[in-house]
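What follows is a set of notes on a single structure, which appears directly below.
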Amino acid sequence: MKKNILIFGLVLGIILCVNMVYMVNLCYTNPDFKSNEILGYAAMVVVFSFIFLGVRNYRNKQLGGLISFGKAFKTGLLIALAGSTMYVVVWLFYYYLFVPDFLDVYIPHVLKETPASDLAVKTKEMQSFKEMYKNPLFVILITYSEVLPVGLVIALISALVLKRKVINIEANSTL
C-alpha cells in the first residue's frame, strides 16, 4: 500500500505543482490574466483522478480485486494527502524564494475582475488576506485548503465506486 500511495501521490503532486507554477507565471507575465476558479477546480478534479487510479490499482493488483470502503477511502485519503503536501511544500519554497511579491501582483488581478459595487469590500478583504499571509502557518493552512478538500471528495467518491466485498455464500444460502 505504501508504494502505491507514494507513486500515485508523487505523480499527483508533480502535476499539481507544475500547474501551480504555470498559473503563477501566467499571472506575472500576462497583464490581462483572468483567473477562473471554476476552470481551476475542474482541472483539479481531473488531476485528482490519480486518486481513483491509485485506489483501483491497489485493489486490483495487491488485494485481488476486493477492497472495503474504509480501506479504499484510507488509500485515497493518503494519496490526496501526499500530493497536497507536496503542493504545499513546493508553494512555500516557490513563494518565499522566488515570488515573495506574489500578492502584490495577484491582488490587482482579483480587483480588476471584481464588480464596482463590491470593490470596496473586496479591497478590504484582500488587504486582510495579505496581512494574514505574513504568517507562514496561515500560508500552509490556506494552501492545504486550496487542494485537500477536492482530494477528500475524490477519495470519497473513489471509495464508494471501487469498494468490493467478499459475499458470504453460506449466509445467503438460507433462502
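Readers should treat all values here as calculations from the given coordinates under stated rules, not as data from a laboratory. Since the structure is predicted, the reported quantities are computational estimates derived from the model, not experimental observations. Note that we place each Cβ from the backbone using ideal geometry, even for glycine, and neighbour counts take in every protein chain shown.
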Checklist entry - Cα-based count: Lys pairs in the range 2-166 below 18 Å, eight or more positions apart or different chains? => result 21
Next on the checklist: If packing is taken as the average count of other Cβ atoms within 10 Å, what order do 66-72, 13-19, 91-97 fall into, highest mean first?
Outcome noted: 13-19, 66-72, 91-97
Checklist entry - Which of the helices in the chain meet the span-like rule: DSSP H, Cα axial reach of 20 Å or more, Kyte-Doolittle mean at least 0.5? => result 2-29, 69-93, 136-162
Checklist entry - Mean residue ellipticity at 222 nm from the helices of the chain, using -39,500 (n - 2.57) per DSSP H segment of n ≥ 4 over the full residue count, to the nearest 500 deg cm²/dmol? => result -26000 deg cm²/dmol
Checklist entry - If you compute Cα Rg over 2.2 N^0.38 Å for the structure shown, which of (i) 2.03; (ii) 1.31; (iii) 1.23 do you land on? => result (ii)
Checklist entry - GNM on the chain, C-alpha springs below 10 Å: top fluctuator among Leu81, Leu162, Leu119? => result Leu119
Next on the checklist: Only Cα pairs within less than 10 Å get springs; with that Gaussian network setup on the chain, which residue of Ala43, Ala159, Ala116 has the largest fluctuation?
Outcome noted: Ala116
